[in-house]
Amino acid sequence: TAPLAAQQEVELYVFDSRGGMASQTWTIQVTGGNQAPRFTSPPGEARMTENETLEVSIDVDDPEGDSVDVWVENLPPGAFADSETSTLWWSPGSDAAGIYRDVTLVASDGINVTRHVFDLLVSQADRPPQIDVSPEFTLREGDQWTYRISAADPDGDRLLFTSDALPP
């Protein structure tokens, strides 16, 4: 006989001749049954910033020492789970800020399946300021020159202008 899970869910249905139905559900505790694998340190949530690399180790323990298959469901675009190293990897680009809900770690020992759901929170990376292009021009020695530099920060951050290469 095949091994049984330590807890067996049972659902019983009863129907009458006029289409009526009732059901009852209960759990049977199986002494010596196979216990489900457990995630040892699953994330409650994972936080990161755009253009960074996320690495989440997927650590699983099986009470009976059975081999455990691990996979991840509902991954955001570009993320992947490496089954060889039991690691979730993701390097979101510069337009990936947001909340990616219900990423699901799944572990199975062939009898029981365990799931752990969490969210990935990606904050927007600081974008560099943009300096407007200056026109090309030629000056003669001794000429005075004034140029108004124009720049903007896409995040609205305060700007500071400086240079180590200005002539005295």
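The values are calculated or read from the model by the stated rules, or taken from the named source; none is laboratory data. Note that the structure is predicted; figures quoted are calculated from it, not measured. In this analysis, Cβ positions are derived from the backbone assuming ideal geometry, glycine residues included, and neighbour counts consider all displayed protein chains. Protein only, heavy atoms only, side chains kept; ligands, DNA and RNA dropped before computing areas. Shrake-Rupley method; radii C 1.70, N 1.55, O 1.52, S 1.80 Å.
Below, the figures for the structure above:
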| read-out | value |
| --- | --- |
| Centre separation in Å (Cα based) which lies between the stretch 18-63 and the stretch 73-96 | 19 |
| Sulfur and carbon atoms: percent of accessible area, the stretch 89-162 [1.4 Å] | 48 |
| Residues whose placed amide H lies under 5 Å from that of residue 111, excluding near-sequence neighbours | none |
| Ranked order, 147, 13, 100 - accessible area, probe 1.4 Å, largest first | 13, 147, 100 |
| Placed amide H near residue 36: partners under 5 Å, 5+ positions off or other chain | 6 |
| Förster radius 30 Å - calculated FRET efficiency between residue 161 and residue 49 (Cβ-Cβ, nearest 0.05) | 0.70 |
| Cleavage-rule hits, GluC sites (Glu not before Pro), the stretch 1-100, DSSP coil, Cβ neighbours within 10 Å at most 14 | 52, 64, 84 |
| Average accessible surface area per residue within the stretch 62-150, 1.4 Å rolling probe, Å² | 70 |
| For the stretch 1-104, share of DSSP beta bridges that run antiparallel, in % to the nearest 5 | 95 |
| Residue order for 68, 103 - accessible surface, 1.4 angstrom probe, largest first | 68, 103 |
| Modelled FRET efficiency - R0 41 Å, residue 71 with residue 127, Cβ distances, 0.05 increments | 0.70 |
| D_trans [Stokes-Einstein, Kirkwood Rh over alpha-carbon pairs] for the stretch 5-86, 20 °C, 1.002 mPa s, µm² s⁻¹ | 126 |
| Semi-axes of the equivalent ellipsoid for the chain, Cα gyration tensor, largest first, Å | 62, 20, 11 |
| Residue-normalised accessible area of the stretch 1-52, given per residue in Å² at a 1.4 Å probe | 77 |
